[in-house]
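Let me begin by presenting the structure, written as structure tokens, before commenting on it.
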Amino acid sequence: MTELALQQYLDFAYIVAVVLFVLSLKFLSSPLTARWGVLAGEVGAALAVIVTLFNPEVAHYKWVLIPLIIGAGVGVPLGMVRMTAVPQRTALSHAFGALSAAMIGIAEFYVGTAPVTRFEMGEISLEVIIGSLTFTGSLIAAGKLQEILPQRPIVYRGQNIVSLSILAGALGLAAALVVNPAHAILFPIMVVVALAFGVLLVTPIGGADMPTVISLLNSYAGISAALLGFVLNSKVLVVAGALDGSSGFILSVIMCKAMNRSFTNVMFGAFGQVQTSAAATKEERVVRSASPEDAASILGVANSVVIVPGYGMAVAQAQHKVRELYDLLSKKGVDVRFAIHPVAGRMPGHMNVLLAEADIPYDRLIEMDDINGDFPQTDVALVIGANDVTNPAARTDKSSPIYGMPILDVDKARTVMVIKRSMSPGFAGIDNPLYYLDNNLMLFGDAKQFVNSIVRELSGASAAHG
Amino acid sequence: MPPDFISNLYVFILAGFVGFGVIRAVSPLLHTPLMSLTNALDAIVVVAAIIIAGRHETPLTTALGAIAVAASFSNMVGGFLITDRMLRMFKSRRSK
């Protein structure tokens, strides 16, 4: 077989892989077909990898097979992490993806077989800058999610100016390389500056903003892969990168809308700063609290219950206890559903995965827009570890930092119960007027223990009566 | 401007539209698996890494390529694995 003919076979295999990738995402439109999507993706990826090993350019298998084995050795444990660790695993995989895109771009620069044109220099520089900043940015995000790094935003005065100057520095070095590609020494400096920018980009961002950040980094990782496709003239990379980039972009837009933030606001890192709550009016307001026994008796006589989970449920690992509560109430004939806010948790869809892991049927997990109209007819809204996404001030108080953010209208339920450790304001430091409403009861305590007490109370009661 | 640039740009733009179309149809229920799946698909950069590492031109490019192979292949393996694990957990009441 001549080399040209072989190349055509390889290209054809890549086209098949690309078709399978698109189908893979298409299968994901319904939970019923979603697992077919994984299969389609796997077949496409395996096909692409195998035919690449037959590429005549690959002459030294030692340098390919050993890293492949190492990659599989790292990938399997990362694929087996607990569901609560999925956000940090995802951030880490963005870091790996961006790392490899950056490494390949850098290698391509140093291969230097063909004389580098200005245009190619521009492509490579842009690709390596985005890859590098996504690598360090994702590592910082993973560190924050794993709580190796502080989750609080780390901010200082003039931060945006410093960060943007560093980005400008990286772009300036890229421009200098485009003007004169012979100044190869500038290239590694540019890489280091871009790496530094990635750190500065994510450090000021707080834990509660992670869903947006993760989506944005996802998008960047995709864009860097697509740019790499331009550099290497590889259509399969262009397509895969465009799919990944558009997915991250769509998720970022959804997250932005769910937090009522503009896209530019996010792009320029002005988000996640500590909200200094407008000097809270310190009048004594009445908060009513209740015991697990009270909570159990209220739930026991309800017809419809909506549970609102938040990051606090994940932290307390309460999802399995919540499932027990769901089972008990369902058995009593209570209609129990879960209201999922798009930014609840630390990444898009986080709550759905945790509840699915706890064996709660997915048709009980209802999106915000679909369930908000039902709260006035709901007997009990039980809020577990969520705060800002239930804050009615977002609807009514123009001075509130979260004014305009779409929220779950739990305050419209006949009774609201909020499981919370204490009255301290949430992550963003915003007071929640929900807690002072007449129809609200505070259930003070650890989410897991409190739900457990309710479960024990309910099962004890049903045993006594039944 | 290299002639390939234009054809790549066509592919990029059209793939972007396809991406928007299929991904907007994904239920928010599955946004976490969506992210891990696209991550695994994005790991297709491994094919470029294999060529860089396998050409073995200079020690530097081989090392960079080898790191890229390991990093992207771990994403590919781990990404498909965790996506499948997650999707297996999504059960409806009927299938319970």
Legend entry - Subset of the stretch A:54-80 [surrounded by 15 or more Cβ atoms within 10 Å (Cβ to Cβ) and more than 7 Å from chain B (Cβ to nearest Cβ)]: A:65
Inset, instruction - Quick one: which residue in A:152, A:157 is among the basic types (Lys, Arg) and free of Cβ contacts under 8 Å to residues at least 24 places away in the same chain? - result: A:157
Inset, instruction - Pick out the one residue from A:120, A:127 that is among the acidic types (Asp, Glu) and touching a Gly at 6+ places or on another chain (Cβ under 7 Å). - result: A:127
Inset, instruction - Hey, can you tell me all the residues within the stretch A:51-94 that are assigned to a helix (DSSP H, G or I), touching a residue at least 24 places away in the same chain (Cβ under 8 Å) and over 30 Å from residue A:213 (Cα atoms)? - result: A:51, A:52
Inset, instruction - Return the total of residues in the stretch A:285-305 being of a type in the set (D, E, K, R) and assigned to a helix (DSSP H, G or I). - result: 2
Legend entry - Every pair of residues 6+ apart whose Cβ atoms lie under 6 Å, when the first sits in the stretch A:318-337 and is more than 17 Å from residue A:353 (Cβ to Cβ) while the second is among the charged types (D, E, K, R) and surrounded by fewer than 16 Cβ atoms within 10 Å (Cβ to Cβ): none
Legend entry - Yes/no for residue B:79 being farther than 21 Å from residue A:91 by Cα, within 7 Å of another protein chain (Cβ to nearest Cβ) and buried (at least 20 other Cβ atoms within 10 Å of the Cβ): no
Inset, instruction - Determine if the stretch A:35-47 includes at least one residue that is more than 20 Å from residue A:237 (Cα to Cα) and at the interface with chain B (Cβ under 8 Å from one of its Cβ atoms). - result: yes
Inset, instruction - Select, from A:406, A:401, the only residue that is away from chain B (no Cβ under 11 Å) and either in contact with a helix residue (DSSP H, G or I) (Cβ under 8 Å, 6 or more places away or on another chain) or modelled with pLDDT of 95 or more (or both). - result: A:406
Inset, instruction - Quick one: which residue in A:125, A:163 is among the hydroxyl-bearing types (Ser, Thr, Tyr), farther than 25 Å from residue B:51 by Cα and out of contact with any strand residue (DSSP E or B) (no Cβ under 9 Å at 6 or more places or on another chain)? - result: A:163
Inset, instruction - For the stretch A:230-251, state whether one or more residues are of a type in the set (Phe, Trp, Tyr), within 30 Å of residue A:156 (Cβ to Cβ), touching a residue at least 40 places away in the same chain (Cβ under 8 Å) and in contact with a Gly (Cβ under 9 Å, 6 or more places away or on another chain). - result: no
Legend entry - Elements of type helices (runs of 4 or more DSSP H) in chain B, at least 3 residues being not aliphatic (A, V, I, L, M): B:3-24, B:31-42, B:59-89
Inset, instruction - Kindly list, by first and then second residue, each pair from a residue in the stretch A:370-384 that is farther than 20 Å from residue A:290 by Cβ to a residue that is of a type in the set (A, V, I, L, M, F, W, C), limited to pairs with Cβ atoms under 6 Å and residues at least 6 apart or on different chains. - result: A:371/A:339
Inset, instruction - Scan the stretch A:402-453 for residues that are of a type in the set (Lys, Arg) and either farther than 23 Å from residue A:151 by Cβ or in a loop (DSSP other than H, G, I, E, B) (or both) and jot them down. - result: A:412, A:414, A:421
Inset, instruction - Residue by residue through the stretch A:316-358, note down the ones that are within 22 Å of residue A:453 (Cβ to Cβ) and of a type in the set (A, V, I, L, M, F, W, C). - result: A:316, A:318, A:322, A:325, A:328, A:329, A:334, A:336, A:338, A:354, A:355, A:358
Legend entry - Selection status of residue A:42, free of Cβ contacts under 8 Å to residues at least 12 places away in the same chain and at negative phi: yes
Legend entry - Tally, over the stretch A:328-347, of residues that are surrounded by 18 or more Cβ atoms within 10 Å (Cβ to Cβ) and not in a helix (DSSP H, G or I): 13
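The values are calculated or read from the model by the stated rules, or taken from the named source; none is laboratory data. Worth saying up front: this structure is predicted, and the values here are computed from it rather than measured. All Cβ positions, even for glycine, are placed from backbone atoms using ideal geometry, and neighbour counts span all protein chains on display.
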